[in-house]
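> Encoded as structure tokens, here's the structure I'll be asking about.
FYI, it's all coordinate maths here, none of it is from the lab. Bear in mind the structure is a predicted one, so any value in this text is a computation, not a measurement. Quick reminder, even Gly has a Cβ in these numbers, built from the backbone with ideal geometry, and neighbours come from all protein chains shown.
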Amino acid sequence: MHDMINWLINTIGTMGYPGVFILMAMESSIIPIPSELVMPPAGYLVQEGKMDMWLVILSGTLGSLVGAYANYFVARYLGRRLVIKYGRYVWITQEHFERVERFFLSHGEISTFVGRLLPVIRHLISIPAGIARMNHLKFTLYTTVGAGIWVSILAWIGFFIGRNQELILKYSHSAVISVIGFSVVLTAIYVVLHKRKLRKASVAE
């Protein structure tokens, strides 16, 4: 881990903002580069006066958006056909798939936003969005906001902690727990408001 962080610091230091952009684009697609190891070293370089915090956050957020769109387009043009054709081999029937698709069409915004904050899910959430052909404006907005929040948290952790890998991992883990808690609360509020909206619509009818 120590060698990995030093390598990332050297890589980002050499490549600058394009390095942050490329690494976060890879992280946001299916390439397993943890954002917890990319953004804190960039934040450390801000502390050293070698980079600007807002440009670091902008580069990381845009990289996340580009990586998310890579998954989105693959899923949009190939995903539905492949899932329907081969899904039965992993117990995904067309009925199950269409049910998930309907859910995402109704709740894609909250799913995309919350998904960008959660580990593992952030790499995958663009796939159902692409399959459901989610509106580009909405996908861009909620992906950018969710990714921007997470990127900012990690960059500021690196800024305040420096290159101490043990503390970086400790506080990154704490940030993950906090974000999961926030996501649970936000989802609960959304569910309550959505049910209230349905109830009012039913009464009106």
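> Could you sort the peptides 123-132, 52-61 by per-residue average Cβ neighbour count (10 Å cutoff), highest mean leading?
Packing order, densest peptide first, comes out as 123-132, 52-61.
> Amide H neighbours of Gly16 under 5 Å, at least 5 residues apart or on other chains, H built in the peptide plane: list them.
Correct list: empty.
> Ok, one more. How do Phe160, Phe21, Phe104 line up, fewest other C-beta atoms within 10 Å first?
In order of increasing Cβ crowding within 10 Å: Phe160, Phe104, Phe21.
> I would also like to ask the following. Among 137-143, 41-47, what's the highest-first ranking by average C-beta atoms within 10 angstrom per residue?
In descending order of packing, they fall as 41-47, 137-143.
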